[in-house]
Amino acid sequence: MTKKAIMTAALAAAMLGSTIGAATVSAEDYSDVNIEIISKGFQHQYWQAVLLGANNKAAELGCTINFVGPNSESDIADQVQMLDSAINASPSAIGLAALDTEACLDSIGKAQAAGIPIIGFDSGVPGAPEGAIWANAATDNYAAGELAAEKTYEAIKDRIPTDGTVVRIGILAQDATGESVVNRGLGFIDKMAEFLKADGHSVKLEGNDKYVNDATCETSDDADVIIETLVPSAVTSELSAIDCQTLLNKDDIIAIYGSNQHSGEAMVTGNENLMKFGQDEGQIIGVAFDSGAVIKAAVADGTFIGAVTQAPVSIGEHVVELACKAAHGEDVADVDTGCQWYTAENMEDPEIAPNLYD
């Protein structure tokens, strides 16, 4: 499959089986609807799972979709060009997961002027002009970050000294611009700080300015727990793996959280020679986000204690259904597509396994 795949409903019907977590089916005939969907990338299997859901729903509703994405999630200009091309195609509706909303503003204005409804998905389009985005199909990423913090704290709370000795919790974030990644980081930071404060600890935030400045928790220079967020200068596996190694090599580190598939896989790569992640005494607790074969294997073998998964297939299904409804002038509203915590013990459960893409 090419990076800029065009998957028609007819092809989807031939290739794909039953839907997973399907959105509510409408009796409306949407065979006249054509939807341009611009994702944040094609380089991760996550986007292929979103595409799977989109194709499932397009086949079910009879609409046609064109699903594209840039080579890398740092290729903002490429995504803007794709959005412009989508608008020029005069579709019935557009689905958009914006890498950088500000960079998309002119294009969004063109879509509004042309009367083309836009449905946000995944990270959505935060900060878009009022009325430009008709609805969003996305995980509540802040809440998902809170869930990751809850599970991480359960694993580390007995490892935090009560004598004032300083320990460090690391966060690997792919970027400081995407709404989904940022909110997963901020949700993690604020909830972790809440747990720490309740147990008599104090927090100091270090690292990337976006996460330090936008977190709502109290911070103190003489805290006994440091939460440090690292963001690479470019979205590459190599740079994120180096960030992971930087954290792993700090003497006071007790846990690291990777807030998306890119960062979780970088944790595995960064740990290959150091072998510091694990659940035994003296090892560093690893928690990831999203799925894919690499992260699933790390959870299954105990390298990570677990990970938070979204429902990417459901996201794809909902963005297509919302776009169809918007194209026909029907009422639409935001959809929270949810998240789940999975471990080696529950990853085969029927409610979780369908969202753990390879």
Of the numbered conditions (1) open to solvent by 10 Å² or more (accessible area, probe 1.4 Å); (2) touching a strand residue (DSSP E or B) at 6+ places or on another chain (Cβ under 7 Å); (3) hydrophobic (A, V, I, L, M, F, W, C); (4) in contact (Cβ under 8 Å) with a residue 24 or more places away in the chain, VAL212 satisfies every one except a single condition; which is it?
(4)
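Any chance region 323-340 includes a residue that's charged (D, E, K, R) and under 25 Å from SER263 (Cβ atoms)? Walk me through it before giving the result.
So in region 323-340, the residues charged (D, E, K, R) come out as 325, 330-331, 334, 336.
The next check asks that each one be under 25 Å from SER263 (Cβ atoms); those that pass are 336.
Yes, some residue in region 323-340 is charged (D, E, K, R) and under 25 Å from SER263 (Cβ atoms).
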Is there any pair with a first residue in region 165-179 that is on the phi > 0 side of the Ramachandran plot and a second that is modelled with pLDDT of 95 or more and open to solvent by less than 30 Å² (accessible area, probe 1.4 Å) whose Cβ atoms are under 7 Å apart and which are 6 or more apart or on different chains, and what are they?
none
Anything in region 153-198 that is open to solvent by less than 20 Å² (accessible area, probe 1.4 Å) and part of a strand (DSSP E or B)? List them, or say none.
VAL167, ILE169, GLY170, ILE171, LEU172
Give the residue that is nearest to LEU105 (Cα to Cα), with candidates limited to residues of region 55-81 that are acidic (Asp, Glu) and either crowded, with 24+ Cβ neighbours inside 10 Å or modelled with pLDDT of 95 or more (or both).
ASP78
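Condition check: open to solvent by 10 Å² or more (accessible area, probe 1.4 Å) and not in a loop (DSSP other than H, G, I, E, B). Does GLU281 satisfy that? Talk me through it step by step, then tell me what you get.
Values: open to solvent by 10 Å² or more (accessible area, probe 1.4 Å): yes; not in a loop (DSSP other than H, G, I, E, B): no.
Considered against the rule, which asks whether it is open to solvent by 10 Å² or more (accessible area, probe 1.4 Å) and not in a loop (DSSP other than H, G, I, E, B), GLU281 comes out as no.
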Give region 226-252 a look and list any residue that's open to solvent by 60 Å² or more (accessible area, probe 1.4 Å), closer than 24 Å to THR165 by Cα and assigned to a helix (DSSP H, G or I), or say none.
GLN245, THR246
ALA255 vs (1) over 22 Å from the mean Cα position of the chain (by Cα); (2) part of a strand (DSSP E or B): all pass except (1)
Candidates GLY164, GLY200, GLY170 - the one that is closer than 23 Å to SER291 by Cβ and either more than 14 Å from the chain's Cα centre (by Cα) or modelled with pLDDT of 95 or more (or both)
GLY170
Selection count where residues are of a type in the set (A, V, I, L, M) and either crowded, with 20+ Cβ neighbours inside 10 Å or in contact with a His (Cβ under 7 Å, 6 or more places away or on another chain) (or both), scope region 88-122
11
Of all residues in region 307-332, count the ones that are in contact with a helix residue (DSSP H, G or I) (Cβ under 7 Å, 6 or more places away or on another chain) and either under 13 Å from ALA93 (Cα atoms) or hydrophobic (A, V, I, L, M, F, W, C) (or both).
10
For region 123-152, what are the residues that are among the hydroxyl-bearing types (Ser, Thr, Tyr), surrounded by 21 or more Cβ atoms within 10 Å (Cβ to Cβ) and modelled with pLDDT of 95 or more?
THR152
Quick one: in region 321-358, which of the residues that are among the polar types (S, T, N, Q) and outside any helix (DSSP H, G or I) is most open to solvent (accessible area, probe 1.4 Å)?
GLN340
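The values are calculated or read from the model by the stated rules, or taken from the named source; none is laboratory data. Computed from a predicted model, the values in this text were never measured in an experiment. Note that we place each Cβ from the backbone using ideal geometry, even for glycine, and neighbour counts take in every protein chain shown. Areas reflect the complete protein model, heavy atoms only, side chains present, ligands, DNA and RNA absent. Shrake-Rupley method; radii C 1.70, N 1.55, O 1.52, S 1.80 Å.
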